[in-house]
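A short write-up of the structure that comes next.
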């Protein structure tokens, strides 16, 4: 039977592949937001029984990733006046294909890890896949905003891993990570604005001679 | 009984074209051509004479005949909902893909033979996009084969049932989406190609048949209709539950009309993609189909 869980996992894969294949930044920001919400819902659906702490953590993650981050990023998108990723270092077709193979290899890899039952291993595989997607976005895109998105996707993957082993990780660590990410996105939004004001572009490959 | 599928395909295929045109006209607020217009066009073209280029070596005349023959052979392999195909055996979808490939190949040869540089350009584009659509088609078929444990087209399409939709909905949806994108690309519809454009720089399929006239053009147009019909039939068969109930056939034909309407909707609501974006669409279709196959292996 098709469960809510498998639907969420399916959405996770689709958002990753969408991110690898699309160039419009506003659309990418909304996709990352959707991915954050999906990942926030996974512990709510999957963890039985659900403790108050984990529910609180999930809600915070959903509000931050589905509401605050997209709002901050869309605002800096407006300020920076960039609409789309024009020529990434690795093209969209190639990164889409790489993503597909990353998906397969992360499933194979996760099945070899000594973790719980079959369903957990699928979540771990998809969390790994999300992390690889984030890394790929980080290294292959040219606009500064895309790199922020890559960073967020990478964090999403780590959060997904945490969702599986949530019982073993203290709450404080998870909240700390969320706080870090929030500060980072906040900081990067300001940085993009400043870079844009100084240099009238935000292409990362032209920022090599930036000195303090 | 199994001959019925072939006869239905051959008779009704131009009707699907007219459903597409009708839905486009409705969405644009026009009344649209009569429902039987594609048939009238075919008869009109058949009555005309043909003109051939001086530089051609005869392939121009051969191409429409070969193309139509290949596509009519395809009609033998495709089941229509509850009606099984006349011929079915293990791996017949490979034959189907390459019969369509053969039809495309002779059309491209005919286009090159006219000696027009535009037609050569169209042929080159057609070859490129077809090469990208093929992996998506095979991955989708492999996904269906893995899901149903059948290796023939009739077997696969008639095994899919409500149970499959309950258990494997994501992979079936992915296969449908991938197949629909391949369908749009193979049949030269928007967003890959515009069937109504006559601007040489942007078209793909229409540019290859610019120099065909009279009965040759009729054969090509009929082949186009047949190909759309057959591929829409495969898509609709995935949606229709199996069984020999004649009511299912009616449901199946309604679904075919709905697919026609969907094509019309896509054509009215979006523009043709830039040529450099088309490969991305087809690779996306391939990734979707591959993902479906992968999901089947994971489960």
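The values are calculated or read from the model by the stated rules, or taken from the named source; none is laboratory data. If you're wondering where the values come from, they're calculated on a predicted model, not measured in any experiment. Cβ atoms come from the backbone with ideal geometry, glycine included; neighbour counts cover every protein chain shown.
For the list (1) within 14 Å of chain A (Cβ to nearest Cβ); (2) in contact (Cβ under 8 Å) with a residue 60 or more places away in the chain; (3) part of a helix (DSSP H, G or I), I need the number of the one condition that residue B:273 fails.
(3)
Among all residue pairs at least 6 apart or on different chains, which show Cβ distances below 6 Å where the first residue, located in the range B:88-103, is closer than 19 Å to residue B:6 by Cβ and the second is surrounded by fewer than 20 Cβ atoms within 10 Å (Cβ to Cβ)?
B:99/B:73
Just to be sure I understand, how many residues within the range A:1-16 are touching a helix residue (DSSP H, G or I) at 6+ places or on another chain (Cβ under 6 Å) and under 24 Å from residue B:290 (Cβ atoms)?
Keep residues of the range A:1-16 that are touching a helix residue (DSSP H, G or I) at 6+ places or on another chain (Cβ under 6 Å), which gives A:2, A:4-5, A:8-12, A:15-16.
Those left that are additionally under 24 Å from residue B:290 (Cβ atoms): A:2, A:5, A:8-12, A:15-16.
The qualifying residues number 9.
Right, residue B:250: modelled with pLDDT of 95 or more, more than 14 Å from chain A (Cβ to nearest Cβ) and part of a helix (DSSP H, G or I) or not?
Details: modelled with pLDDT of 95 or more: no; more than 14 Å from chain A (Cβ to nearest Cβ): yes; part of a helix (DSSP H, G or I): yes.
No, not satisfied.
I want to confirm something. Restricting to the range A:86-105 and keeping residues that are in a helix (DSSP H, G or I) and away from chain B (no Cβ under 11 Å), which single residue is nearest to residue B:284 (Cα to Cα)? Step through it out loud before you land on a result.
Looking only at the range A:86-105, we keep the residues that are in a helix (DSSP H, G or I), and these are A:92-105.
Filter once more, so that each one left must be away from chain B (no Cβ under 11 Å): A:102, A:105.
On the way: A:102: 15, A:105: 19 Å.
Looking at residues that are in a helix (DSSP H, G or I) and away from chain B (no Cβ under 11 Å), I get A:102.
Take residue A:80 and tell me if it is buried (at least 19 other Cβ atoms within 10 Å of the Cβ), more than 14 Å from every other protein chain (Cβ to nearest Cβ) and more than 16 Å from the chain's Cα centre (by Cα). Working first, answer last.
Working: buried (at least 19 other Cβ atoms within 10 Å of the Cβ): yes; more than 14 Å from every other protein chain (Cβ to nearest Cβ): yes; more than 16 Å from the chain's Cα centre (by Cα): yes.
Against the criterion (buried (at least 19 other Cβ atoms within 10 Å of the Cβ), more than 14 Å from every other protein chain (Cβ to nearest Cβ) and more than 16 Å from the chain's Cα centre (by Cα)), residue A:80 qualifies.
Have a look at A:39, A:57, A:64, A:2 and point out the one that is modelled with pLDDT under 85 and under 30 Å from residue A:170 (Cβ atoms).
Working: A:39 fails: modelled with pLDDT under 85; A:64 fails: modelled with pLDDT under 85; A:2 fails: under 30 Å from residue A:170 (Cβ atoms).
Matching residue, one of A:39, A:57, A:64, A:2: A:57.
Taking the range B:105-121, which residues are in contact with a helix residue (DSSP H, G or I) (Cβ under 6 Å, 6 or more places away or on another chain) and under 16 Å from residue B:223 (Cβ atoms)? Give the derivation first.
Here is the first cut: in the range B:105-121, the residues in contact with a helix residue (DSSP H, G or I) (Cβ under 6 Å, 6 or more places away or on another chain) are B:106-114, B:118-120.
Hits for the range B:105-121 are B:106, B:107, B:108, B:109, B:110, B:111.
Scan the range B:282-294 and give yes if some residue there is farther than 14 Å from residue B:185 by Cβ, more than 12 Å from chain A (Cβ to nearest Cβ) and more than 19 Å from the chain's Cα centre (by Cα), otherwise no. Don't jump to the end; show me each part of the working.
The first filter runs over the range B:282-294 and keeps only residues farther than 14 Å from residue B:185 by Cβ, leaving B:287, B:290-294.
This time we only want the ones that are more than 12 Å from chain A (Cβ to nearest Cβ), so: none.
The answer is no, given that none of the residues of the range B:282-294 is farther than 14 Å from residue B:185 by Cβ, more than 12 Å from chain A (Cβ to nearest Cβ) and more than 19 Å from the chain's Cα centre (by Cα).
Contact list please: Cβ distance under 8 Å, first residue in the range A:109-128 and within 14 Å of chain B (Cβ to nearest Cβ), second residue at pLDDT 75 or above and in a loop (DSSP other than H, G, I, E, B), pairs at least six apart or on different chains.
A:121/A:113; A:124/A:113
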